[in-house]
1. Among Ala22, Tyr53, Ser32, flag the residue with its Cα farthest along the positive direction of the charge dipole of region 9-75, charges on Cβ as +1 for Lys/Arg and -1 for Asp/Glu.
2. Mind pulling the angle between the C-alpha long axis of helix 60-69 and the longest principal axis of the chain? Nearest 10 degrees, somewhere in 0 to 90.
3. Would you calculate, for the chain, the mean residue ellipticity at 222 nm contributed by helices, counting each DSSP H stretch of 4 or more residues as -39,500 (n - 2.57) and dividing by all residues, to the nearest 500?
4. Please give the per residue volume of the convex hull enclosing the alpha carbon atoms of region 9-75, rounded to a whole number of Å³.
5. Using alpha-carbon pairs under 8 Å, 6+ residues apart, how would you state the relative contact order of the chain in percent?
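Please treat every number below as a calculation from the coordinates, not as lab data. This one's a predicted model, so the numbers in the text were calculated from it and none came from an experiment. Methodologically, a virtual Cβ is constructed for each residue, glycine included, from the backbone with ideal geometry; neighbour enumeration extends over all protein chains shown.
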Amino acid sequence: MSSMSAPSKEASIQISGMTCAACATRIEKGLSKMDGVEQAAVNLALEKSSVKYDPSKMSEAELEKKIESLGYGVVKQKAE
């Protein structure tokens with residue numbers, strides 16, 4: 001089995017500090033501009049972002065750093 005490019009991964013990141021829809025939009029736009037991000041969606045009610053990205057270009061840690069650089073917090077989840 002061979003593929004031309006690495007399969008994309010999906011990261012689910014819990015975010016703290018969002019207060020309104022504009023916050024969610026700001027994070028979505030910030031993540032979407034990153035090289036390697038294919039799709040970013042932020043759910044304000046669940047305080048969660050779902051990001052589809054190319055793992056050969058970036059890591060989940062870089063996504064978290066971007067969210068923090070925009071002024072929001074990332075809630076670390078315990079491994080299940």
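1. Ala22
2. Relative to the chain, helix 60-69 is tipped by roughly 30 degrees.
3. Values: 2 runs with 22 residues, N = 80.
Value at 222 nm, helices only, nearest 500: -8500 deg cm²/dmol.
4. In region 9-75, the Cα hull volume divided by residue count equals 65 Å³.
5. 39 percent
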